[in-house]
Each structure stands twice: as structure tokens, then as C-alpha cells.
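What follows draws every value from the coordinates through simple rules; no lab data is involved. In this text, all values refer to a predicted model and were calculated from it rather than measured experimentally. Every residue, glycine as well, gets a Cβ built from its backbone with ideal geometry; the counts of neighbours run over all protein chains shown.
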Amino acid sequence: MRLLLMAVAVVLTGCGDIVAGPPRQPPPKASTAPVRAVELSGGTLAIASGGRFAAVSDPEHDRLWIVDLSSGALHGKVQLPEGSQPQRIVEDGAGKLRVALRGLGQVATVSPSQLSVLDVADACPEVRGLTWNKEMQALQVACAGGELVTLKGSIRSVLKPAADLRDVVQAKGKTWVSTFRAAQLMQVSATGTVDATVTLPSVALPSADGKPAAFVPAVAWRTVVTPGGQVVTVHQREVEGDIGAIQVPNAPPARAYYANVCNSGIVRSTVSLTDEGKVTGSFDIAGVLPIDIAVSPDGTELAVAQPGSGFVQRIQLGANTVGISGGGLCAPSSRDVSQLGEVTGVAYTPQSDLIVHTRTPMAIWVLGRNDGAPTQQQILLTGDSVNSKGHTLFHQAAGASQAISCASCHPEGGDDGHVWRLLHKDVRTQSLAGGVVETAPFHWNGQLASVQDVVTETFVGRMGGSAPTAEVVAALSDWMGGIPQRKVVASAPQASLELGLHLFTDAKVGCSSCHSGERFTNNLTVDVGTGGEFQVPSLRGVSLRGPWMHDGCAKTLKDRFSECGGKAHGDVSHLANEELDALVAYLQTL
């Protein structure tokens, strides 16, 4: 299982080469218990009560912090249920806060003035985006499982327009949702149909082998709406094409991660704007992990939080943000940058003051308006410890170029769904969720026996990062071991699931001979006729990891059986179509 850990970014999965090797037995399991890993998501800061309060989610301590901006002091905290992992926050029409409890699949209603939880409602297994629909006077919830949930009083209605939803917004009377890894925008009707789909822009790159190469959209971290009704998405662009063959005129020499594409590595931060389904602007910006974005009340300024680089950028909207740029521009520009630390949230008050949330230190920063020298008032929220060493190594930009982090390819500890062309071989980023440290050896070819080996190979050797101490590597291993398994919901009839389980365990089909045990892998490196010897990947959460196979040849999970592989990789040649459907339905429950 070739963990492209990109920084492990591949620190455990990595964008990397494939090297043949003999089958290997896994090394002994680590004895340390995993820590609780909480991934960065953006949207964890909100302004309420006409600018009086700022609310901050603290998923590592299951708290909501409330700051009184009028007095510049901490108002108090709201302790939420254990394991709730609060994330996105919005204010509803009554001045109450709606908080996504991602760990519990619920939404809490909180009074910021009274510091109390007024209500908790079930939403979906994995809550992501929230918006208050003023016209409906209801909360809309976007979910990782593809559900679009509307909560109005005690009424809960569910649509399922697309998989892997990230955000939901209202723009000019229309409902738009974003998809996380594919970085698409979709206009959704009241009945759940997709009336329009917008693919965010790619930009071409020159390639020396005569084949197309480009920066293509990926990982839509956050989508918001301007006061004028434009939809703004901050996302990544990632190289598609043979990285080693890309030639950029006057670019510096190749750097640690195979090639120095332009001057910013193989992943870039991008802001794209659309208006009624048409792209009006798309431009690259400096910095790593653009997890959050906010728009000033007058619509003239954007703020982007980038914890990988440790800063927040303020970008003036205008003539320089219209049209599509990037790719050949070898130096994405930094606008007005404030270096504050691990910046995880941004928001504007109605008075146009920019408010910033940092995780370390856990604080609110009031930067004020961008009409002169900004203030930098800090309001400390708590001195409680957070898991810093492992978390920091995973999210920080690595190397002299400061262009990529582990989380660039493994957003939220999962995967970006991207197929990389490295050393003339296609390799798909793999997910790190659900106990990946227990599936050693690592990388698709199983050549790296330990997390230390992965860090040395990837974070240091390919990304150009400084070698961390053994203590930091151990903390990283613990942190990754705590990345939770993504939640899935079975939707097939029980009879179909039972048939699928029967086929999965049938020796004639042969799935369970390799995909066995708690994580559905025997951790071996074997040749099943797919082009070499590869690690047997865990099937936990397999339905959420498309495209499938090491080279992404299967665009759907069913394609794995019809388009990729052969009898050596499980024999389904004797199965009828309805039996294949049942087997796929069972896999989708893992």
C-alpha cells in the first residue's frame, strides 16, 4: 500500500515512484496508543450579534469559545459533548449560532450571550458545510456522504445531489454546493437535481514530452458568497501530466519533489470566483493549505487563511482578479500578508474589521480595517495544550520553497483523489484515515517499513524538509494513527448486502484471502497482475477513495471488476451483473 504521504505528503502515501520488490511480512505493531487527531477544515470562526461576538470552534477540546469584540475580552466558553469535534459555525436568523458537531453527526444551537446549548439536532454521519437560508428560514447542511440536509424546527429533509459535499451557499436565490476533492460547484434544485455544474479552471503547462500537462483543480477547501452574489472558492491546483517532463522557461533547477514546477511545487493555492455558474476570475496565490476564506462586507477584499505557511493574506478584488491566470506565472504573488502562526479561520465584522483565529496559540487576532497600518490585538482563548508536534509536521510547509505539506495531498488526513504521473508511472494518492500506521510496510510498493522510513524518503528526500527528531516522528505516527475512519452509510437492501458478504468471503472469488482482518488487509506486497508488486490496501472506507487502484484506472468501484485487474486479483468472471452489484454494495459499507 503505497501511502503517498506527501510530507509525509506523502508521508504515508505520497506522490512517488514505484519500485519493484519482494513480498514482505509486516513489522511488529507499534505499542503506543494513537492520539486523537483533529484535522484542519476552515470555517471554524464566525461573527455574531452585529459584530459584538466572535465564536471559535475548538475541536480538540470539544468547546466553543466566545469573544466579546466590543470589550476585547474573552466572554466565555461553551462545553460541548465529548467527541463532538465542533467545526463550521454560522449565525441563524435569530442571532443564535449553529455549530457542526462533526464527530457526532449533529448540529448544535448555541446562545453566544448566555453561553448555553439550546438544542442539538441529528444531521448526517459526517457534517461539513453549513449555511442559513434566509428565504427558507432554515439551516442547510452539506455532508461528506453526499447528503444535503435541511433543518427547519423539528423537520429534517434530505436530498443527495452528489458525493463528497463540502459547502452549501445561497447566491442570487440559488443553492450551490461544492464537492471537496473534485473541486466542483453544483446548482441544486429544491428536489435535489443538479441544474448546473461548474468545473473550476485549469491552466496549461508546457511539457517537453509533447503530452498535455496542466494545473487542474482539486480540494475545494472553502466556498463563500460575496455581498454581490458571486460564489468564491479557495482551492488547490495540482499538476496533471508527467512531472519530470514539464519544462518551464527560466525556472530554477529541479528541487526535492521530483521537479520544481514554476516556482511553487506541484500543488498551488488558488482563488476562483463564479457568477451564476460562469467563472469570472481565477488566480493563484502564494502559500500552503488555503483552508478558509472570507469576504469583506463591501465586497472589495478577500482574506485567506493558510496554516501551512502560517499567514493570512488580504487580497483586493478588482481588475487584477478578473479572468483566469496561473500555470505559466512562475511566482504567485503574495498580497498583504500577516504572519501570525497556525492560522485556521478568518472572518470580517460588519464594520470591516478582519478577525483571525490561530490554533497555536489558541487566540483571536483583531487586525482591523485594511486602510492603513493594521492593528494586531491578540485575545488569548486558552493555554490548554494541543497535539502540536505530529500535527505541525503534517501541516507545515516543507523545504526551502515552502510550497507543499503532507496535508496538501492528504487534506483532512484523507486523500485528494489525484492521480500523479511520477517517473513515468501513474500513482494515486491514498487515504491515511482509519489506522494507516497499522498497515506497514508503506507506499504502494511496500518498500518503506516504518513511519521513520517514510519521513526520510518523502518529507526529507522529496519535499526538501529538515530531518525531524525521533520524538517528532513518533508524535507524527501517533497523530496519524488517530485519524478517524470516514463514516459510510449502507443504502442497499439487506439481502443484497448479505449476498455481497457471501461473495466477498467465497474462496472462488478470493477477495478475503488478501483483504482480511480488522482492516481488510494482510499487509503483504504481492503481484496480482496489475503491473507489478503492490501493497494490499485496506478496504476500510474504500467507497470514499475513488478513483480506485494504484493508477486510478477504475473511475467507479464497479469498474475495478470490469476495467481493471484480472483473475489474479480476485476472480469475478463467473458472477452475474446483479452479483457484482451486490459485491460492490457490500464494499461500500466497509
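With the simple model of a label 7 Å out from the Cα in the direction of the Cβ, Asp122 to Glu135 spans 3.0 nm.
Evaluated over the Cα positions of the chain, the convex hull gives a direction-averaged projected area, one quarter of its surface, of 25.5 nm². When each of the peptides 136-145, 150-159 is scored by how many other beta carbons lie within 10 Å of its residues on average, the order from highest to lowest is 136-145, 150-159.
Computed over the stretch 106-258, the convex hull of the alpha-carbon atoms projects to a mean area of 13.0 nm². Exposure proxy ranking for Thr456, Thr439, Thr274, based on other Cβ atoms within 10 angstrom of each Cβ and starting from the fewest, stands as Thr456, Thr274, Thr439.
Given a Förster distance of 51 angstrom, what is the FRET efficiency for Thr280 paired with His574, based on the Cβ-Cβ distance and rounded to 0.05? Intermediate values should be presented prior to the final figure.
On the way: r = 54 Å, r/R0 = 1.06.
About 0.40, to the nearest 0.05.
For the chain, the Cβ-based charge dipole about the Cα centre amounts to some 320 debye (Lys, Arg positive; Asp, Glu negative; other atoms uncharged). Between the stretch 275-324 and the stretch 434-507, the C-alpha centres lie 33 angstrom from each other. Considering the stretch 494-587, its Cα convex hull presents a mean projected area of 5.6 nm². Here the alpha carbons of the stretch 45-389 define both size measures, Rg and Dmax, at 20.1, 64 Å. Of the GluC sites (Glu not before Pro) found in the stretch 99-164, those in coil by DSSP whose Cβ has at most 15 other Cβ atoms within 10 Å are Glu135.
Here the residues Trp365, Trp221, ranked from fewest to most Cβ neighbours within 10 Å of their Cβ, fall in the order Trp365, Trp221. Taking all Cα pairs closer than 8 Å and separated by 6 or more residues, the relative contact order of the chain comes to 15 percent. Between the Cα long axis of helix 470-481 and the first principal axis of the chain there is an angle of about 90°, rounded to the nearest 10.
Per-residue ellipticity at 222 nm, computed for the chain from helices alone with -39500 (n - 2.57) per DSSP H run of at least four residues, works out to -2500 deg cm²/dmol. The calculated FRET efficiency for the pair Thr469 and Leu74, based on their C-beta separation and a Förster distance of 45 Å, comes to about 0.85. Could you work out how far helix 494-505 tilts from the main Cα principal axis of the chain, as a 0 to 90 degree angle to the nearest 10? Roughly 50 degrees, rounded to the nearest 10. Over the stretch 136-219, Cα pairs under 8 Å with separation of 6+ residues give a relative contact order of 18 percent. Placing R0 at 35 angstrom, the Cβ-Cβ distance between Ser189 and Glu82 gives a FRET efficiency of 0.35 after rounding to 0.05.
Residues His391, His75, His443 in ascending order of nearby Cβ atoms (within 10 Å, fewest first): His75, His391, His443.
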